[in-house]
Amino acid sequence: MIEIRELTKRFGDKTAVDRITATVRPGVVTGFLGPNGAGKSTTMRAIVGLDRPTSGSVTVNGKRYADHAAPLREVGALLDAKAIHTGRTAYNHLLAMAATHGIGKSRVHEVIAMTGLESVAKKRVGGFSLGMGQRLGIAAALLGDPQTLILDEPVNGLDPEGVMWVRQLTRHLASQGRTVFLSSHLMSEMAQTADHLVVLGRGRIIADAPVSEVLALATGSAVRVRTPLAADLAPRLTAEGGSVTASPAEPDLLSVAGLPPARIGELAMHAGIVLHELTPVSASLEDAYLELTQDAVEYHSEVSR
């Protein structure tokens with residue numbers, strides 16, 4: 001379990017994390033979301049003692065990370081897959097880490113097999129692709145068979161098979177009662193992987209809830225309506241209080257917000273308008289995330305303004 005209490009971290013006059021409090025519980029996959037500059041990486045670094053809090057505290061399994069006698073056996077972390085000596089082979093990198101905690105060679109071979117690194121284990125890390133570097137970082141996080149996993153962007157650079165593997169791995173570890181805390185910018189993947197979400201914006205928590213509750217916060221739900229008489233139906237829906245958007249590419253398709261499907265069907269029936277499609281479209285996690293963080297984005301591109 002990870003317990004964050006009133007955590008604040010300042011760098012000069014910049015407050016990266018502002019009095020956040022959260023509990024990352026065992027047995028579930030907790031996703032950590034937020035725009036660039038929101039404070040996610042600083043929070044993760046504070047958990048493993050790489051950034052000292054300005055105030056507040058962070059404990060893992062009841063202790064500060066630095067107070068654990070064998071931290072690799074308590075916490076496995078992937079924060080920067082490139083933080084590896086490029087002249088070492090993958091095998092030697094893991095073997096050196098294992099030696100610091102009295103972990104045997106058999107476990108090194110085990111995590112190499114678990115992460116699909118057998119074919120490159122004796123190759124120097126400097127020649128690894130981004131995806132292979134990620135796999136090595138995950139192998140290092142798993143080396144001590146820890147109860148808590150902290151993974152920052154673990155699917156970055158992975159192919160579709162690798163992304164699915166990370167999803168299955170994290171869910172399997174959570175099912176064993178372990179604490180799994182991971183960040184990702186891939187909303188579609190987070191929606192399939194996480195059970196609970198903690199969302200940061202400008203260093204503060206703006207959501208801490210199950211995925212289903214975060215989705216419920218989005219107001220982007222709509223209904224797809226397809227009819228050859230779209231031009232006749234649209235004003236009737238608008239008069240009823242609906243917000244109607246026509247599709248320039250498909251003149252028979254309408255997107256309707258503010259009216260339930262049943263009411264849309266009734267209005268069409270009373271007007272004698274045949275419907276070819278009447279499909280509720282729920283808001284995605286990406287929709288919910290963008291709505292939550294729209295006022296907390298620090299770095300805007302010109303296109304998004």
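The values are calculated or read from the model by the stated rules, or taken from the named source; none is laboratory data. Since we're looking at a predicted model, the values are computed, not measured. Here the Cβ positions follow ideal geometry from the backbone for every residue, glycine too, while neighbour counts run over all protein chains shown.
Could you grab me the full set of residues in the range 60-88 that are among the β-branched types (Val, Ile, Thr) and surrounded by fewer than 16 Cβ atoms within 10 Å (Cβ to Cβ)?
Listed by number, the list holds a single entry, THR86.
Which pairs have Cβ atoms under 8 Å, sit 6 or more apart or on different chains, and link a residue in the range 140-155 that is more than 12 Å from PRO26 (Cα to Cα) and free of Cβ contacts under 8 Å to residues at least 40 places away in the same chain to one that is part of a loop (DSSP other than H, G, I, E, B) and hydrophobic (A, V, I, L, M, F, W, C)?
Filtered contacts from the range 140-155: VAL155/LEU186.
Which of (1) free of Cβ contacts under 8 Å to residues at least 40 places away in the same chain; (2) in the same structural domain as ILE47 (by TED's automatic domain parsing) is the odd one out, the single condition GLY242 does not satisfy?
Single failed check for GLY242: (2).
Is it fair to say GLU213 is farther than 19 Å from MET1 by Cα, at pLDDT below 90, not in a loop (DSSP other than H, G, I, E, B) and not hydroxyl-bearing (Ser, Thr, Tyr)?
yes
Quick check, is ALA141 modelled with pLDDT of 95 or more, of a type in the set (Gly, Ala, Ser), in the same structural domain as GLU161 (by TED's automatic domain parsing) and in a helix (DSSP H, G or I)?
yes
Can you name every residue in the range 2-23 that is surrounded by fewer than 21 Cβ atoms within 10 Å (Cβ to Cβ) and in contact with a strand residue (DSSP E or B) (Cβ under 9 Å, 6 or more places away or on another chain)?
GLU3, ARG5, GLU6, THR8, ARG10, THR15, ASP18, ARG19, THR21, ALA22, THR23, listed by residue number.
Report, by residue number, each residue of the range 257-277 that is more than 11 Å from VAL225 (Cα to Cα), assigned to a loop (DSSP other than H, G, I, E, B) and touching a helix residue (DSSP H, G or I) at 6+ places or on another chain (Cβ under 7 Å).
Result: LEU259, ALA271, ILE273.
Would you mind telling me which numbered condition in (1) among the hydrophobic types (A, V, I, L, M, F, W, C); (2) part of a helix (DSSP H, G or I); (3) surrounded by fewer than 21 Cβ atoms within 10 Å (Cβ to Cβ); (4) within 28 Å of the chain's Cα centre (by Cα) ALA96 fails?
(4)
Among the listed residues THR30, THR86, identify the single one that is at pLDDT 95 or above, assigned by TED's automatic domain parsing to the domain that holds ALA194 and polar (S, T, N, Q).
Only one candidate qualifies: THR30.
Can we say SER57 is polar (S, T, N, Q) and within 24 Å of ASN156 (Cα to Cα)?
Judged against the criteria, SER57 is not a match.
Across the range 156-189, what is the number of residues that are surrounded by 14 or more Cβ atoms within 10 Å (Cβ to Cβ) and either modelled with pLDDT of 90 or more or outside any loop (DSSP other than H, G, I, E, B) (or both)?
Summing the residues that are surrounded by 14 or more Cβ atoms within 10 Å (Cβ to Cβ) and either modelled with pLDDT of 90 or more or outside any loop (DSSP other than H, G, I, E, B) (or both) in the range 156-189 gives 19.
Can you name the number of the only condition in (1) modelled with pLDDT of 90 or more; (2) among the hydroxyl-bearing types (Ser, Thr, Tyr); (3) under 30 Å from LEU169 (Cα atoms) that TYR289 fails?
(1)
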